[in-house]
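No value in this document is a laboratory result; all are computed from the given coordinates. Quantities reported herein were computed from a predicted structural model and do not represent experimental measurements. A quick note on method: Cβ atoms are made from the backbone with ideal geometry, for glycine too, and the neighbour counts reach across all protein chains shown.
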């Protein structure tokens, strides 16, 4: 079987979201099928400016074909258009204009898919909201498998996406909540699908002590991993954490790791270490009392799964239904909607190492049962097997 | 009932149950945070000047009565000062009472503002959720309309086929 995985960006430097999800799936499926990746030459998700020069290359044993982005994105113009569409009655053509503006507009990629449809058995499109997925699925619906990685974002209500979710042969969902949302939005219950998600690459050994020594961190700390951004709920996290410190006099520190787009409050107990490599990231997780996830919109939250994989509990924002659902299903973390709930939940977690251990253990079991690579690979293979059966039958 | 301590069954951790207890605790705290001003009035012993006049006292007063004009003359300035002080104290007490009343009113107002803030925050959250829900419902309606339209067309086509 020959598979093409289509994604907006691809590379070892790209460390998050759907792109990393796609890379890991590609690297794990290559033992069962011939896998190629079709992507753009962009590295920056704000402008989609062409950064990669080569048309073809090998990345970790996967052949990657790159296609140029025909037009860079103007973030301001795109933002204005999106804002207008979300608040005014509009036509489908306006939404297609929005899709063009959002990009990454790579018509050569779509042309390649059209021309080489017989060269591949299935095309797996990652991230429903981008140009490549919409036009790719529309071009070859009967050979398409969509991995939407959808968050509870208002653009999912756009008319163009109703058809998109009904068009592919199968859909690979990340969570129960994502599946329900997409079913509700598009009425696509008839489309074959499964909740699969993604696993994670765990290092053989982790050491919180190494992290503490290297970064000179003493005492207990809670960890936030990811982009430090308002959309990720970081403003609220800072506010709640500082109030918690003021009211309880706790010695706990907040350690932040990831790229930042907002100002981080200057406080001796808020420590920012920038972007961490995989090894150090897992060491930081190992040394933490818990992982805090304040994000409002998540499709899966890979860092939450990584925390559980290491047996660490999670404190999550309950206003994100995916995070709340995962915490309840796994019994691996507590959640909060308001400051008093944040204070009580955090105080409870910090005061009881037994509770932290029990939640972490539940999380680890949940991760192994649902998100270990064996399980993920098996789910992909079962789904593709069903498609093959339909095709031959 | 306010669960001061969260009860956890460590053998069968149930996050939903822990969160219910946390929610109940925070809700109870929000309810009881209204200012419970305890007016611990200082127990001031009342003085009964007429009580306890014993025989000795009456006798002493009788002996001193010829000198009473002189005593009054000597004591008058002190008495006046005392009266002024008592008056001042009374005035200050009344002012303190008024301020205490005002403080309680401000405390209540502050609590009310906090609740309003909380309410508006929750309303914003709920409105955001409703907005998404509205979009979803709109979308569903559009799908149904399209399906309905399509069924209409199909019905017409079938009718034509039947009537041919």
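Kirkwood hydrodynamic radius computed over region A:84-156 comes to 13.3 Å, based on all pairs of distinct alpha carbons.
Compute a Gaussian network model of chain A, connecting alpha carbons closer than 10 Å, and tell me which residue from A:337, A:151, A:36 fluctuates the most. Looking only at A:337, A:151, A:36, the largest GNM fluctuation is found for A:337. Peptide A:151-160 is shielded by partner chain Cβ atoms: per residue, an average of 3 of them sit within 10 Å of its Cβ.
The simple spin-label model puts a point 7 Å past each Cα toward its Cβ; for residue B:57 and residue A:210 those points are separated by 9.1 nm. On the principal axes of its alpha carbon atoms, region A:221-278 extends 32, 22, 15 Å, with the longest extent given first. Arranged from fewest to most other beta-carbon atoms within 10 Å of their beta carbon, B:83, A:159 become B:83, A:159.
The mean count of C-beta atoms from other chains within 10 Å of the C-beta of residues in A:23-32, rounded to a whole number, is 0.
Against chain A, whose longest principal axis comes from its Cα atoms, helix A:373-392 is set at around 20 degrees. Taking a ≥ b ≥ c as the square roots of the eigenvalues of the alpha-carbon gyration tensor, the protein assembly as shown is classed prolate because a/c is 1.5 or more and a/b outweighs b/c.
Note on chain A: GNM, Cα springs under 10 Å; of A:375, A:145, A:198, the largest mean-square fluctuation is that of A:375. Take residue A:263, project a point 7 Å from its Cα along the Cβ direction, then tell me which residues of region A:237-252 have their backbone nitrogen under 20 Å from it. Taking a point 7 Å out along Cα→Cβ of residue A:263, the residues of region A:237-252 whose backbone N falls under 20 Å are A:237-243. A Förster radius of 56 Å, combined with the Cβ-Cβ distance separating residue A:76 from residue B:27, puts the computed FRET efficiency at roughly 0.80.
Taking the C-alpha atoms only, the angle from helix A:321-330 to the longest principal axis of chain A is near 70 degrees. Placing a pseudo-label 7 Å from each Cα along the Cα-to-Cβ vector at residue A:121 and residue A:31 gives an inter-label distance of 1.8 nm. Across peptide B:18-24, the mean count of Cβ atoms from other chains lying within 10 Å of each residue's own Cβ comes to 5. Normalising the average separation of contacting C-alpha pairs (under 8 angstrom, six or more residues apart) by the number of residues puts the relative contact order of region A:214-336 at 24 percent. Restricting attention to the protein assembly as shown, close to 10% of DSSP beta bridges with both partner residues there are antiparallel.
Summary of packing: across the peptides A:46-55, A:121-130, A:262-271, A:235-244, the per-residue average of other C-beta atoms within 10 Å ranks them, highest first, as A:121-130, A:235-244, A:46-55, A:262-271. On a 0 to 90° scale, report how tilted helix A:17-29 is relative to the longest principal axis of chain A, with both axes built from alpha carbons and the result rounded to the nearest 10. Approximately 70 degrees, to the nearest ten.
Sorting the segments A:343-350, A:305-312 by their mean number of nearby beta carbons within 10 angstrom, highest to lowest, gives A:305-312, A:343-350.
Averaging Cα coordinates gives a centre for region A:20-64 and one for region A:139-198; these two points are 22 Å apart.
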